[in-house]
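K.L.:
Right, I'll just put the structure down here and ask away after.
Here, each number is a calculation from the coordinates, and none is a lab measurement. Computed from a prediction, not measured in an experiment: that's the story for all the values here. Because the Cβ atoms are built from the backbone with ideal geometry, glycine has one as well, and the counts that use them run over all protein chains shown.
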Amino acid sequence: MDNLIPVLVAVPLLGAALLLCGGRRLDRVGHLLGTFLAFASFGVGLALFFSMLGRSVDQRPIHDHLFTWIPVNGFQAEVGFQLDQLSMTFVLLITGVGSLIHLYSIGYMAHDEKRRRFFGYLNLFLAAMLLLVLADNYLLLYVGWEGVGLASYLLIGFWQHKPSAATAAKKAFLVNRVGDVGLSIAVMLMFTTFGTFAFTPVFADASKATQATQATLTGIGLMLLLAACGKSAQVPLQSWLGDAMEGPTPVSALIHAATMVTAGVYLITRSSAIFNQAPTAQLATVVVGAVTLLFGAIVGCAKDDIKKALAGSTMSQIGYMVLAAGLGPIGYVFAIMHLVTHGFFKAGLFLGAGSVMHGMNDEVDMRKYGGLAKYMKWTTVTFGLGYLAIIGVPPFSGFYTKDKIIEAAFGHGGTEGWILGTCAVIGAAVTAFYMTRVMLMTFFGEKRWADDADGHQPHPHESPKIMVIPMVLLAVGSVAGGFLFNWNDSFVRWLSPVTGVAEGNPPLNPTVIQILTGVVLVLGVAVAWMMYGRRPVPATPPLGSLLTRAARRDLLQDDFNHVVLVSGGSHLTRFLVYLEGKGLDGLVNGIAALVGGTSGRVRKIQNGYVRSYALSMFGGALVLAVTTLLMRAVA
Amino acid sequence: MNPVNYLYLAALLFTIGAVGVLVRRNAIVLFMCVELMLNACNLALVTFSRLHGNLDGQIIAFFTMVVAAAEVVVGLAIIVSVFRTRHSASVDDTNLMKL
């Protein structure tokens, strides 16, 4: 049973190789093959899961060493897989949600001429993400990490004939590189400190840290956090996420739910032994999480593009997870729990958004939707269930998992606990507001449909069954997930052997926190209904307040990057070029000019006349003679 | 006769030779002036030999003569060769050795 782990990765990798190298003859069956292999990987994952459930708790993690990648004296890079409860959770999420997205893509990409390649990339994405979560050392994890970056680049820029998509892909790749640098530094630091980068020895050494290694651990933690910020689109490396919406909608669902953005949370949770020993890194993590959860929520409120509103929401929800992961043992389990339920409802929401776009001639502006509930019943219901889950209405899944994070934030204790808890509660209110806004503008109110660029009138219709089925399954997950996970604390008991668990000491009674969250939830929904449900939504966006306008421009994140990094960078390079031209080149050219000029002048002495050479000889001889005489006279 | 007078003569002859080398253009005359300078040196050497009362200077003078004879052979051959190709014995005409 244990040797099935490599199969998990190999199956989608085989799919990617076949589909990308197979050529045109696979065009007709490529999508079916890709989907089949994704489901096959899910099947293997389920088999491993049940086998794991059958073992006692301390027997559950299994390990499979494949081969030594780089056998050098003192540097052993191993390729080995480790499947514990944390990896298992991710494997099921990645392959399960990923397979449903594959299924949906069969319908969504039915008319795309590059469909075979699309499924090849999707399989590559799954394979890279599985490698990331199954690796038993940081170097192999890094391979998967880069693979995820590559696959996301290929998929975001899938419609590369659109300049915006090509740019978005490049942006995502570049911003991710910044995070990757963090991860590579962290891996190098680990190697120099512990002499290895395999999980087990690193964590064992980290947990008995001395004062000296404490500083190194803080450095490693901060670098890991930087890496997580890049992949999980956390402030300050969040700017790629909104633009990544240029990719096909199933890609957005995959990136936001099952793969990519969850990698950062995985990395922090996996490295819990390091973070537990580095309070500074933990503090940085909770700050990043709290800032991002508000940042993403505010951006989500102002966007009229349905996918970008959902992207802001992802950023915000991942912010919750990073916040929880930064809280230490009181939060790890809930970060992963929220990640899983978020995977369900966010995938469902994105697939719903794709279904809406499918019916509306690829229109993404919510101001040109309205009243779609009547025409797209399945989409409305599944999207609605996802909506109830994300805003945290009991008993939908978001209620259980998000409330746990809010409780954990308060449970952090002290002033910090109050600040973090308040941020999380405000985030919940804003979440309720923007998701209600999306819901109302898309499915309710009067029709504001507009003809598309070619003058086609939209004829909204329900999407084909192959798209509806994944949406229904995901909706079931978003309804039941939280309840199942919370039933008898099953998820906590499942995951705690890996991450550890601790009780927080919230200053408020958990019931009070739940009531508080419920009140702000109702408040958010009510405000949204006042603004977008009761009044007609104008088809052209009103000017809005200063904050709205800033939020429409992603809270000026691109402007900030442009001013500070782009123009700062180009100024720096221009200065360096100037310095190089004037300084180094000036020095070298000056010496050359000096030598050249001098030799030009000296050259004139060599005129070819014997007499003049003779004269110089006589002159020289005279000088020698006079000098000799003078020396004698002096001596 | 005071042997120092020979030194004056040697200096005079050397100067005449040197000036000749510098101001004349005909290669043959130039050559003769060089010989004059060499012989002025020889005269000075012999005189010093006489003054110091040993034979070193005279021996060196012999060497100088031998070297001068060899030099004349080579030099005259060059001059003849140059004259054949350039139809001139003027040293100013052989000024190709410049940049």
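K.L.:
Amide H of A:G392: which non-local residues (sequence gap of 5 or more, or other chain) have their own amide H closer than 5 Å, using H built in the peptide plane?
P.N.:
When sequence neighbours closer than 5 places are left aside, the close amide H contacts are A:G398, A:F399.
K.L.:
Sort A:Y332, A:Y609 so the one with the fewest other Cβ atoms within 10 Å of its own Cβ comes first.
P.N.:
Fewest-to-most Cβ neighbours within 10 Å comes out as A:Y609, A:Y332.
K.L.:
Quick one: what Rg and Dmax do you get for segment A:37-107 from the alpha carbons, in Å?
P.N.:
Taking only Cα atoms of segment A:37-107, I get Rg and Dmax of 15.7, 52 Å.
K.L.:
If you plug each phi of segment A:115-128 into the Karplus form 6.51 cos²θ - 1.76 cosθ + 1.60 with θ = phi - 60°, what whole-Hz ³J(HN,Hα) values come out, in order, with x for Gly and Pro?
P.N.:
With the stated coefficients, segment A:115-128 comes to 4, 4, 5, 4, 5, x, 5, 4, 5, 4, 4, 4, 4, 5 Hz.
K.L.:
So what is the relative contact order for segment A:279-542, in percent, with contacts set as C-alpha pairs under 8 Å and at least six apart?
P.N.:
It rounds to 27 percent for segment A:279-542.
K.L.:
On a 0 to 90 degree scale, rounded to 10, what angle separates helix A:138-156 from the longest Cα axis of chain A?
P.N.:
The angle comes out near 80 degrees.
K.L.:
Now, a different point. Where the centroid of each part is defined by its Cα atoms, how far is segment A:91-120 from segment A:253-310 in Å?
P.N.:
Computed from Cα coordinates, the inter-centre distance equals 25 Å.
K.L.:
Ok, one more. So what are the ³J(HN,Hα) numbers for segment A:489-495, from phi and the Karplus equation (6.51, -1.76, 1.60; θ = phi - 60°), rounded to whole Hz, Gly and Pro as x?
P.N.:
6, 4, 5, 5, 5, 5, 8
K.L.:
Near A:K170, which aspartates and glutamates are there with a Cα under 16 Å away, not counting those fewer than 8 places off in the same chain?
P.N.:
A:E146, A:D180, A:D243, A:E246, A:D558
K.L.:
Moving on. Under 19 Å from the Cα of A:K465, which aspartates and glutamates turn up, not counting those fewer than eight places away in the same chain?
P.N.:
Of all the aspartates and glutamates, those that pass the test against A:K465 - Cα under 19 Å, at least 8 places apart if same chain - are A:D112, A:D362.
K.L.:
When A:E246, A:E446 are ordered from fewest to most other Cβ atoms inside 10 Å of their Cβ, what list results?
P.N.:
The most exposed by this proxy come first: A:E446, A:E246.
K.L.:
Here's something else I'd like to know. Name the long-range amide H neighbours of A:A77: under 5 Å, sequence gap of 5 or more, or other chain; modelled H, no Pro or chain starts.
P.N.:
A:W69, A:I70, A:V72
K.L.:
With n ≥ 4 as the cut-off for DSSP H runs, can you work out [θ] at 222 nm for chain A, using -39500 (n - 2.57) per run divided by the number of residues, rounded to the nearest 500?
P.N.:
-23500 deg cm²/dmol
K.L.:
Here is a follow-up. Starting from the Cα gyration tensor of segment A:562-634, take the square roots of the eigenvalues, sort them a ≥ b ≥ c, and report rounded, prolate or oblate (rounded when a/c is under 1.5, otherwise prolate if a/b is larger than b/c, else oblate).
P.N.:
oblate
K.L.:
Count the net charge of all other residues whose Cβ sits under 12 Å from the Cβ of A:E462, scoring Lys and Arg as +1 and Asp and Glu as -1.
P.N.:
Here the count lands on +3.
K.L.:
Let me ask something else about it. Averaging over all projection directions, find the projected area of the Cα convex hull of the protein assembly as shown and quote it in nm² with one decimal place.
P.N.:
With every direction weighted equally, the projected area is 56.6 nm².
K.L.:
From the backbone phi of segment A:291-303, what are the Karplus-calculated ³J(HN,Hα) couplings (6.51 cos²θ - 1.76 cosθ + 1.60, θ = phi - 60°) in whole Hz, Gly and Pro given as x?
P.N.:
Couplings: 5, 5, 5, 7, 4, x, 5, 5, 4, x, 5, 9, 6 Hz.
K.L.:
In whole Å, how far is the Cα centre of segment A:330-395 from that of segment B:18-51?
P.N.:
Taking the Cα centre of each part, segment A:330-395 and segment B:18-51 sit 114 Å apart.
K.L.:
Oh, and also: How many nm separate the modelled label positions at A:F36 and A:M617, each set 7 Å beyond the Cα in the direction of the Cβ?
P.N.:
Reported label-point gap for A:F36 and A:M617 is 9.9 nm.
K.L.:
Pull up the cross-link candidates among the lysines for A:K604, meaning alpha carbon to alpha carbon under 29 Å and not fewer than 8 places away within one chain.
P.N.:
Straight-distance partners of A:K604: B:K98.
K.L.:
Cα-Cα over 19 Å: which of A:K307/A:K346; A:K308/A:K368; A:K303/A:K377; A:K114/A:K162; A:K162/A:K307?
P.N.:
Exceeds cut-off: A:K303/A:K377.
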